[in-house]
Amino acid sequence: MSSTLASPLQQRHANPSAKNDFFLPSEISDLDSFEESREINSAPLSPCDTNLFFGFFFDGTGNNYEDSLNQNDHSHSNVARLYSAYPGLSVPGILPPQTDWQTNLADYDNFFRIYIPGVGTRFTQLGDTGEGFWDETLGGGTARWGQVRILWALAQAINAVSRYFLKQSLIDHEMVRRASSSGEMNAQALNSDPFARPTRATAVDQVNQRIPRTLVQWLRTLHTAIAPHMTGPEGAQPQNKDPSIVKRIYLSAFGFSRGATEARAFANWLVKLCEIDAELTGRDSAGLTLAGFPVTFDYLGLFDTVASVGIANLIPIADGHAAWGDAETSLAIPANVSRCLHLVSAHENRRSFPLDSIYNDRSKPGNGEEIVFPGVHSDIGGGYRPGSQGKGTDNIGRDMLSKIPLAVMYKDARLSGVPFKLELALPDDQDAFKISTRTITDFNAYLDTCHLKSGDTGTLMREHWRKGIEWRLNNHRQGGVFTLKSYQRAPQYQQNNLASSYNQFREELERFETWQSLKRAGFFGRAALFIKDYLVMGPGWIVNQIEKAPSLLDPSVVDDWERIEEFSDELGTPPAAVETMMDEYVHDSIAGFLIKWLTRDEVITYLDSLVARKNIIDNSRFWESRRGIYLSDEERSYAEYYERTGRIPEMSELGGRENYILGGGYLRFRRVYAGADDQILALLAPDSHREDSRLALIRSTENELKAS
């Protein structure tokens, strides 16, 4: 199976809350069928039968539903918007009362909606203040507090069962905090057997078994508490049929950015939880169970997964798949999930925001679909304010690009059994889904310029990368960012930021053109030496070890510049639809470090990388260990300030974006991981002539270095 480009939208999709217009008659029939078979008990002989419905919503890095409400700026992420469309009971105290489901609440006492605030924002119930170095900085930069969020969500699955029968939770927030601090939720823990007899295990093994064994304890507590409500072997009636006899539990989960990473890890841990439950209740043959009730995991909806757990791949010693975020196991899509939909960004290219595709060794899971959408990271998952960077003019954001992936996810999830009820949500929540007719027209016009409609994700993304470069170079020739309509609409502080970022692009372009001139003139050695500083942006950064371990060196900047050099002579004036898309809709995520740190991820990761490099330089005993690692005086001052105070330097001091010297920049292609910590989709099948060229450049670099 291959990934696909987003499909054109019909104008009837402009208002998703208008159920009878948004869905086709045949789709309405499918929705009615889901509702009748799952939500409405029409069996006269079993009027007490019911099902439970759980929805989990993992918000993105720096995204917090309550913060957006307090700011009253319509900057909610798409995860928060989907949460508002899911009926039922919320977890008390997590969000303000105005976010509770309001319509016919008594009809949805068997529906439970669980919202998980994004890392880097406050989650006070778990001890995360969302402030300072340890919580805000490390939360946003390294996904600190991610594990406890996943474990808390698992606890809420157990609590939802007890809340339905007993009207109270069994596992409190402090129990979750203690359990999380006692162990790890890594791949080894996920694969461990909590029922195995104690052996002379290593200390590491013991730590990895603690959380699985905690899940066993929690489940036993649940079983004891609701024993009269549990069905017996062979489906025997429970002793207590009040409030109902539960027949099945239907689950779905959604996530954006690191919240998507959390959702993927949560899905695997939920499967483990349900397998443990099946063993405890003696129903191993029944598949997944919770309190003995069969579980159907209907849907996993993901917006642009970015792991970056630990230090992101912006520095040479990390790939961003530490702890609970390993790609091979924790982020794999479980076969138990009926359907997974992953909507990914076509235009994001920040190095600290690598994509974790649902591909695994060049194939997608049979239950998964990956769709590429125009836009950068938060154009897919939401979170920008209306009018940010001058994009859009509608005060509630109906002309924001992120509304289109939201509509696509909402429709697909609902047709897959997720019990959204947007038509019954509050008017403001319904308005948050609306799309202007012009936005749909401009979106479709852009898609018409695209030649590739399907293929692997990296290949699809490259066409949009090329379109973006062509547009940016054409804009540069015409006077730069200052000529853009969106720039002229942007607030002054954002104009300053966009102008600063444009100056960085000019410097990056000058370096590329110098390299290109050297290469075209036949000075390959000088070209290789010129680019060598960029060859340290991945694992295995010691250049002279390439012959011993060629897979360790990341020469992707050579690959990116080679590709641009190959098609640069073909670039000209882009179609009007591309110019409209890039100017009016697609945000500049590299320049997107905005006031109040609403999109602070790239700065936090940048500062983390400076501190990491500073520590390598300061603490390495041997020069060879720090070859290729350097800091300018300015960068060292940033690192020391950040390390000393835990605060981000003032914008005027920093610039707050990935610098091209660090391997970032506008002429780089986004790293795409494919089901393994070291498997990069964009490099799985390199063109042979380009591979030869890269190796030649590397060897030339080695010779130049040895001679110098």
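The values are calculated or read from the model by the stated rules, or taken from the named source; none is laboratory data. The structure presented is a predicted model; accordingly, all values stated were derived computationally and were not measured. Because the Cβ atoms are built from the backbone with ideal geometry, glycine has one as well, and the counts that use them run over all protein chains shown.
Here is a check on your reading of the model: is Ala674 small (Gly, Ala, Ser), touching a Phe, Trp or Tyr at 6+ places or on another chain (Cβ under 6 Å) and either crowded, with 19+ Cβ neighbours inside 10 Å or at pLDDT below 75 (or both)?
In short, yes.
Filtering the range 106-133 down to residues that are at pLDDT below 90 and acidic (Asp, Glu), which residue is farthest from Phe56 (Cα to Cα)?
By that ranking, first place goes to Glu131.
Test of understanding: among Phe353, Phe303, which residue is buried (at least 24 other Cβ atoms within 10 Å of the Cβ), touching a helix residue (DSSP H, G or I) at 6+ places or on another chain (Cβ under 8 Å), of a type in the set (Phe, Trp, Tyr) and modelled with pLDDT of 90 or more?
Working: Phe353 fails: modelled with pLDDT of 90 or more.
Result of the check over Phe353, Phe303: Phe303.
For every residue, the table says whether it meets (1) within 23 Å of Asn496 (Cβ to Cβ); (2) in the same structural domain as Asn444 (by the TED database); (3) at pLDDT 75 or above; (4) crowded, with 17+ Cβ neighbours inside 10 Å.
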{"position": "Thr573", "(1), (2), (3), (4)": "no, no, yes, no"}
{"position": "Ile590", "(1), (2), (3), (4)": "yes, no, yes, yes"}
{"position": "Ile595", "(1), (2), (3), (4)": "yes, no, no, no"}
{"position": "Ala639", "(1), (2), (3), (4)": "no, no, yes, yes"}
{"position": "Gly656", "(1), (2), (3), (4)": "yes, no, no, yes"}
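Go through the range 227-273 and give me each residue that's buried (at least 24 other Cβ atoms within 10 Å of the Cβ) and on the phi > 0 side of the Ramachandran plot.
Within the range 227-273, Ser257 is the sole residue that qualifies.
Tell me, which residue of the range 482-508 that is in contact with a Phe, Trp or Tyr (Cβ under 9 Å, 6 or more places away or on another chain) and without any contact (Cβ under 8 Å) to a residue 40 or more places away in the chain is surrounded by the most Cβ atoms within 10 Å (Cβ to Cβ)?
Out of the qualifying residues, it is Gln495.
State all residues of the range 450-493 that are farther than 21 Å from Glu562 by Cβ, hydroxyl-bearing (Ser, Thr, Tyr) and in contact with a strand residue (DSSP E or B) (Cβ under 7 Å, 6 or more places away or on another chain); if no residue qualifies, say none.
Once the filter is applied, which keeps residues that are farther than 21 Å from Glu562 by Cβ, hydroxyl-bearing (Ser, Thr, Tyr) and in contact with a strand residue (DSSP E or B) (Cβ under 7 Å, 6 or more places away or on another chain), the range 450-493 yields only Ser454.
Check off (1) part of a helix (DSSP H, G or I); (2) over 33 Å from the mean Cα position of the chain (by Cα) for Arg264 and give me the number that stays unchecked.
The number of the failed condition is (2).
Among (1) more than 14 Å from Thr261 (Cα to Cα); (2) at pLDDT 55 or above, where does Gly146 come up short?
Tallying (1) more than 14 Å from Thr261 (Cα to Cα); (2) at pLDDT 55 or above, Gly146 fails exactly one: (1).
Limited to the range 431-462, what total is found for residues that are part of a helix (DSSP H, G or I), of a type in the set (D, E, K, R) and out of contact with any Asp or Glu (no Cβ under 8 Å at 6 or more places or on another chain)?
3
Taking Thr4, is it surrounded by fewer than 18 Cβ atoms within 10 Å (Cβ to Cβ) and within 23 Å of the chain's Cα centre (by Cα)?
When the stated conditions are applied, Thr4 passes them.
Could you grab me the full set of residues in the range 392-430 that are part of a loop (DSSP other than H, G, I, E, B) and among the hydroxyl-bearing types (Ser, Thr, Tyr)?
Answer for the range 392-430, where residues must be part of a loop (DSSP other than H, G, I, E, B) and among the hydroxyl-bearing types (Ser, Thr, Tyr): Thr393, Ser402, Ser416.
Among the residues of the range 43-50, is there at least one that is closer than 29 Å to Val344 by Cα and assigned by the TED database to the domain that holds Ala407?
No, the conditions are met nowhere in the range 43-50.
Yes or no: Trp471 surrounded by 19 or more Cβ atoms within 10 Å (Cβ to Cβ), out of contact with any Phe, Trp or Tyr (no Cβ under 9 Å at 6 or more places or on another chain) and touching a residue at least 60 places away in the same chain (Cβ under 8 Å)?
So Trp471 fits the description; yes.
Looking at Gly55, Gly60, can you tell me which residue is at pLDDT below 95 and either buried (at least 21 other Cβ atoms within 10 Å of the Cβ) or closer than 26 Å to His342 by Cβ (or both)?
Gly60
Considering (1) in a strand (DSSP E or B); (2) closer than 25 Å to Phe293 by Cα, say which one Pro243 fails and leave the rest.
Exception for Pro243: condition (1).
So Thr441 clears everything in (1) within 24 Å of the chain's Cα centre (by Cα); (2) β-branched (Val, Ile, Thr); (3) surrounded by fewer than 16 Cβ atoms within 10 Å (Cβ to Cβ) except one condition, right? Which one?
It is condition (1) that Thr441 fails.
Of these, Lys391, Lys421, Lys364, which one is basic (Lys, Arg) and surrounded by 23 or more Cβ atoms within 10 Å (Cβ to Cβ)?
Of Lys391, Lys421, Lys364, the one residue that is basic (Lys, Arg) and surrounded by 23 or more Cβ atoms within 10 Å (Cβ to Cβ) is Lys391.
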